[in-house]
Amino acid sequence: MRKGVKINRPRKSKISVNTMVKLYHGGLSVKKIAELAELYRATVVTYLARRGIKLRSKSESNILRRGKYGKGYRIKKGYRVLRLPFHPDADADGYVKEHRIIIEWHLGRFLRKDEDVHHINEDKLDNRIENLELVSRSKHMSIHMKKLREAYKKCCGR
């Protein structure tokens, strides 16, 4: 081997191939999965093809990406939601809260039913990872009840 010549070795993916398959079935695009895994799109396509996954057509991808309304997201009850009809936590309309998706990407797994995501600064649209905290359902309720009690004491002096 000559000096200074680099051999292209396969990169180590940040997420497993099984997770890639789950994310793709959950509605994520190949481009987004590639960004998450820090791989080339062609590599992700190859991994999916080896698993026998049929890639979505362009029209199917556009529906998933933009949704029916063209923005790619909607606001429901103050939260930004994404249209991911194949996601395990999708509601009846096929939408999932964006902050749950972000935490799932960060953890590399789907959230369990007993796990909640808490917005530290209480801004429902601020979905930066540093503003999100994974907590149990009961812990999440106690955080908000404590703040309600404090506000009540301030307001009513008891």
Taking residue 36 as the residue in question, decide whether it is in the same structural domain as residue 17 (by TED's automatic domain parsing) and modelled with pLDDT of 90 or more. no
Looking at the range 78-102 only, could you name the residues that are surrounded by 19 or more Cβ atoms within 10 Å (Cβ to Cβ) and of a type in the set (A, V, I, L, M)? 81, 82, 84, 96, 101
Of those in the range 105-132 that are surrounded by 16 or more Cβ atoms within 10 Å (Cβ to Cβ) and among the acidic types (Asp, Glu), the residue farthest from residue 78 (Cα to Cα) is 115
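The values are calculated or read from the model by the stated rules, or taken from the named source; none is laboratory data. Computed from a predicted structure; not experimentally measured. Positions of Cβ are generated from backbone atoms using ideal geometry, with glycine treated the same way; all protein chains shown enter the neighbour counts.
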